[in-house]
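Here's the structure, in structure tokens; my notes come after.
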Amino acid sequence: SDIVSKLVRYGSVSDKALGFVRSLLARIPERAAKAAARAVEQAAAAPVPVTDARIVIEGEVLSKKVVEGRFGSVLKMLVKTDVGTKLWGTIPAAISPEKGDRVKLVAKVEPSKDDPKFGFFSRPAQAVIVTASLPVAA
């Protein structure tokens, strides 16, 4: 919308903005296929285990983010396990994973109220990076 408003206001946009719009337009045909693939992946995912015990969590780091909370800034990550479950929780101080790294830790899990295949982990311990992702060439 920002690019369109600049086009209307100034009558033109930069080459970089034009390239960005072209890349967005090129993604439109892929959108339905990506949505279908996500739906299949979500349907195949196992539900988050319901237990009071700590469990072993192993999976790929999909993202990480700094979250402001009551006790200051906390670094959190989203982990996708081998069975498709996605878990969100605090990154233990013992590791510093990047997106794409494979991690293993022991933590307490709790399913989300809205989605049984998404949950939260807390009190992580014994964390290790199993496999680091390959660095991206600059």
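The values are calculated or read from the model by the stated rules, or taken from the named source; none is laboratory data. Predicted model only: the values in this text are computed from it and were never measured. Heads up, the Cβs are rebuilt from the backbone with ideal geometry, glycines too, and the neighbour counts pull from every protein chain shown. For the accessible areas, the whole protein counts, side chains as well, though only heavy atoms, and no ligand, DNA or RNA atoms are used. Shrake-Rupley method; radii C 1.70, N 1.55, O 1.52, S 1.80 Å.
Restricting attention to the stretch 38-46, does a residue exist that is open to solvent by 90 Å² or more (accessible area, probe 1.4 Å) and at pLDDT below 90? Talk me through it step by step, then tell me what you get.
Taking the stretch 38-46 and keeping what is open to solvent by 90 Å² or more (accessible area, probe 1.4 Å), we get 38, 40.
After this cut, where a residue has to be at pLDDT below 90 as well, the list is 38, 40.
Yes, some residue in the stretch 38-46 is open to solvent by 90 Å² or more (accessible area, probe 1.4 Å) and at pLDDT below 90.
Can Gln126 be described as over 30 Å from Asp2 (Cα atoms), at pLDDT below 90 and not aromatic (Phe, Trp, Tyr)?
No, not satisfied.
For Arg31, state whether it is surrounded by 10 or more Cβ atoms within 10 Å (Cβ to Cβ) and either modelled with pLDDT under 90 or basic (Lys, Arg) (or both).
Criteria not met by Arg31.
Out of Pro92, Pro47, I need the residue that is touching a strand residue (DSSP E or B) at 6+ places or on another chain (Cβ under 9 Å) and under 16 Å from Arg123 (Cα atoms). Which one?
Details: Pro47 fails: under 16 Å from Arg123 (Cα atoms).
Testing whether each residue is touching a strand residue (DSSP E or B) at 6+ places or on another chain (Cβ under 9 Å) and under 16 Å from Arg123 (Cα atoms) leaves just Pro92.
Could you check, for the stretch 10-19, whether at least one of its residues is open to solvent by 70 Å² or more (accessible area, probe 1.4 Å) and in contact (Cβ under 8 Å) with a residue 24 or more places away in the chain?
no
Could you name every one of the strands (runs of 3 or more DSSP E) located completely within the stretch 47-138 that has at least 3 residues being surrounded by fewer than 16 Cβ atoms within 10 Å (Cβ to Cβ)?
By residue number, 55-69, 72-81, 118-131.
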